[in-house]
Amino acid sequence: MSPGVLAAVQFSWLAVLPLGIVALAAVAVLLAGARAGQDQGEALGWFSAAALAAAALPVLASLGRSRLAFDGTVAVDAYSVYFELVILFASAMTVLISLRYVAEMGLAPGEYYALVLFAALGMMLMAAADDLILIFLGLETMSLAVYALAGFARRQARSAEAALKYFLLGAFSTGFLLYGIALIYGAAGTLKLEPLRAALAAGTDHRTLLLCGVGLVLIGFAFKVAAVPFHMWTPDAYEGAPTPIAGFMAVGVKLASFAAFLRVFGLHLGALAPTWTAVVWVVAALTMTAGNLIALAQQSLKRMLAYSAIAHAGYLLVGMAAGSNEAAGAILYYLLGYAFTNLGAFAVVVALERRGVEHESIADLRGLGARAPGLSAALALLLLSLTGMPPLAGFVGKLYLFKAALDSGLVWLVVIAVLNSVVSAYYYLRVLVAVYMQEGGVAVAPLAARPALLVAVGAAVLGTVLIGVFPAPYVAAAGAALRSALSLSSPGPLALIAR
Amino acid sequence: MVAPSYYLALSALLFGIGVVGVLVRRNAIVIFMSIEVMLNAANLAFVALGAEAGSVEGQAFVFFVLTVAAAEAAVGLAILIAVFRNRETVNADELTLLRW
């Protein structure tokens, strides 16, 4: 763009068709929800899930037609396809998990599903954006919807309080991100990632300004992925939010944040890698250790899963610190397995909850193995995957991540990560001990009476097993996604970071 | 013509005031106001840096930020009201149903 003039933007509606479908569906659900009664809530839910599935078709159709659209601000590449598909899947799973929950808890269905769709829209925008302002807009579209969802059970003091804490700390982090973007704009003169990369490669005479900006953007992302010391909102928000939304936050928000984080830092700020990888190294070590150690002390299942989500963000940051192509591919693969496993775990928690009988504490799960053998088996499998037991998705993901980090010479960080994995086994297995080896607890409703939830748990379990036992196609897809993003940004050699 | 570094210094000062405000004040509404100061510090930086670069881009970004800030205010104040109805306080130190 020439200075002083806003050039005519090349519109390419096909590039944003999936976003358009989700946006239109969100508005339709919102309008229909205003007229629909509580009994039509499930129909709105099914419509939302169908719209999310429909949006996946144009996403798939854009495979192999990589390009930059809208004057270089939207990237259509295998990378955005990969993340958009996983985000659409995670959002659809959230809707399926919510169907009965929304009705039982007396939540307004139209607004609930519309907000899930708007959040999905923001997440997809973050995955596809190739411009810092667009990433900011996607992030805010997602965050504002998720803040509202966290406080959706607004007559419950805990839900409202969770929303307030999440909102205040989230908006605080937005301030850092935005100020960082402003400083980067000052140093490089552009916010589009392609020209930014070129400007960095050419060198800038405002290096201090640039580094301040990058540091502030890093803080902003660290908040969103729940990295220590910016994780304080996570356990409160997950515990107070409606349970399906807690799962959505743990998976969807993390997917979108890592998609943008990796694209900005890994692909485009590679020239500054020696500075930010050192910071990420420390943050990764702190995040894993704090997440796992505090999880040990938790009595509430949702809160334990929140700290577990922090710990997993730490493992993913190990990959960011490694900063190689291999590590980036491992992050993509890990996130896929993580999405299935964690959504499944939260779906099981939803299955255990009913109005008045919230399965709050791990002690409530005692004897579940005898009362609900199917659900218990699913929970066991998902928790074992989160621990990192072979041959499940969690194990293979960690294997790839840690191997990539070792190849980049981060021996000590990998040692810390492996020790953390061992520690994490204790609190995951503690749940299984309660389920299978102790007596007492609270009765649960049969899962068969809730088909959508049954489908969601089944899909999560199936995905966790398949992705772990047959990793090859998923690893290949992750690699192809990364190569596509790299070739779009630099037609030269495929190297993420010149070490 | 005032040198751009003065604008940047002012915006950095505003940003600092916002950050300190978030960290030391306990009333959720004041915390939220401090966050708005941070966003406006970024706006000032965008305008100043855009003018220095001789591009309207910097000023165009401010419109996006203003829109987002307005939406954020709507959602944030709604959440504040929901909390106040439940608890009759918006003091961050008294919101302890969930441990910080």
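Its residues counted as N, chain B yields a C-alpha radius of gyration over 2.2 N^0.38 Å of 1.32. Volume of the convex hull of chain A (Cα atoms only), normalised per residue: 130 Å³. For the stretch A:372-386 versus the stretch B:60-93, the spacing of their alpha-carbon centroids is 39 Å. Around the amide H of B:ASN27, modelled in the peptide plane, lie the amide H atoms of B:ALA92, all under 5 Å away and 5 or more residues distant in sequence or on another chain. List the residues of the stretch A:281-297 whose backbone N lies under 20 Å from a point placed 7 Å from the Cα of A:TYR426 along the Cα-to-Cβ direction. So the set is A:285-297. Cα centroids of the stretch B:1-47 and the stretch A:228-261: 27 Å apart. When you filter the trypsin sites (Lys or Arg not before Pro) in the stretch A:271-363 for DSSP loop state and at most 13 other Cβ atoms inside 10 Å of their Cβ, you are left with A:ARG355. Couplings for the stretch A:125-138, taken from phi via the Karplus curve 6.51 cos²θ - 1.76 cosθ + 1.60 with θ = phi - 60°, read 5, 5, 5, 9, 5, 10, 8, 5, 5, 5, 4, 4, 5, x Hz in order; Gly and Pro are left as x.
Over the stretch B:4-88, what is the relative contact order in percent, taking alpha-carbon pairs closer than 8 angstrom and at least six residues apart?
Values: 67 pairs, mean separation 22.0, N = 85.
Reported as a whole number, the value is 26 percent.
Sorted ascending by nearby beta carbons within 10 Å, beginning with the fewest, A:ARG430, A:ARG207 become A:ARG207, A:ARG430.
Under the criterion of Cα pairs below 8 Å and six or more residues apart, the relative contact order for chain A equals 16 percent.
What 222 nm value per residue comes from the helices of chain A, counting each DSSP H run with n ≥ 4 as -39,500 (n - 2.57) and dividing by all residues, nearest 500 deg cm²/dmol?
Numbers: 20 runs with 361 residues, N = 499.
Mean residue ellipticity at 222 nm (helix-derived): -24500 deg cm²/dmol.
Charge dipole of chain A (Cα centre as origin; +1 on each Lys and Arg Cβ, -1 on each Asp and Glu Cβ, all else neutral): 340 debye, rounded to the nearest 20.
The modelled label-to-label distance for the pair B:ALA74/B:ALA51, using points 7 Å beyond Cα in the direction of Cβ, is 3.1 nm.
Contact order for the stretch A:245-341, expressed relative to its length and based on alpha carbon pairs under 8 Å spaced 6+ residues apart, stands at 32 percent. Spatially, the stretch A:457-489 and the stretch A:20-45 are offset by 32 Å when compared through their Cα centroids.
Sorted fewest first by neighbouring Cβ atoms within 10 angstrom, A:ASP39, A:ASP130 come out as A:ASP39, A:ASP130. Translational diffusion of the stretch A:216-319 was estimated from the Stokes-Einstein equation, with Rh taken as the Kirkwood radius over Cα pairs; at 25 °C and 0.890 mPa s the coefficient is 178 µm²/s. Geometric descriptor of the stretch A:48-104, per residue, is 78 Å³ (volume of the convex hull of the Cα atoms).
Applying a DSSP loop filter and a limit of 16 other Cβ atoms within 10 Å to the GluC sites (Glu not before Pro) in the stretch B:1-94 leaves B:GLU88.
In this structure the amide hydrogen of A:SER12, modeled in the peptide plane, comes within under 5 Å of the amide hydrogens of A:PHE70, none closer than 5 places in sequence on its chain.
Tell me which of A:TYR338, A:TYR400, A:LEU317 sits at the most positive position along the dipole axis of the stretch A:287-446, charges placed on C-beta atoms (Lys, Arg +1; Asp, Glu -1). Value: A:TYR338.
The phi torsions of the stretch A:191-203, fed into the Karplus equation with coefficients 6.51, -1.76 and 1.60 and a -60° offset, translate into couplings of 10, 6, 5, 4, x, 4, 4, 5, 5, 5, 4, 6, x Hz, rounded to whole numbers, with Gly and Pro shown as x. The long axis of helix A:78-105 is offset from the longest Cα principal axis of chain A by roughly 30 degrees. The calculated FRET efficiency for the pair A:GLU104 and B:VAL2, based on their C-beta separation and a Förster distance of 51 Å, comes to about 0.25. Remark: the stretch B:4-88 carries a charge dipole of roughly 400 debye about the Cα centre, counting +1 on each Lys and Arg Cβ and -1 on each Asp and Glu Cβ.
Kindly count the pairs of lysines across the protein assembly as shown whose alpha carbons are less than 17 Å apart, treating pairs on different chains or eight or more residues apart as eligible.
Working: A:LYS165/A:LYS224; A:LYS165/A:LYS302; A:LYS224/A:LYS254; A:LYS254/A:LYS302; A:LYS254/A:LYS398.
Lysine pairs meeting the criterion: 5.
Each residue in B:ARG26, A:ARG154 was given a count of other beta-carbon atoms within 10 angstrom of its own, and listing them fewest first yields B:ARG26, A:ARG154.
Pairing the Cα long axis of helix A:301-322 with the longest principal axis of chain A, what angle in degrees results, from 0 to 90 and rounded to the nearest 10? Its long axis makes an angle of about 30 degrees.
A short reminder: the numbers here are calculations on the coordinates, not readings from a lab. Given the structure is predicted, the values throughout are model-derived calculations rather than measurements. Glycine gets a Cβ as well: all are built from the backbone with ideal geometry, and neighbour counts include every protein chain shown.
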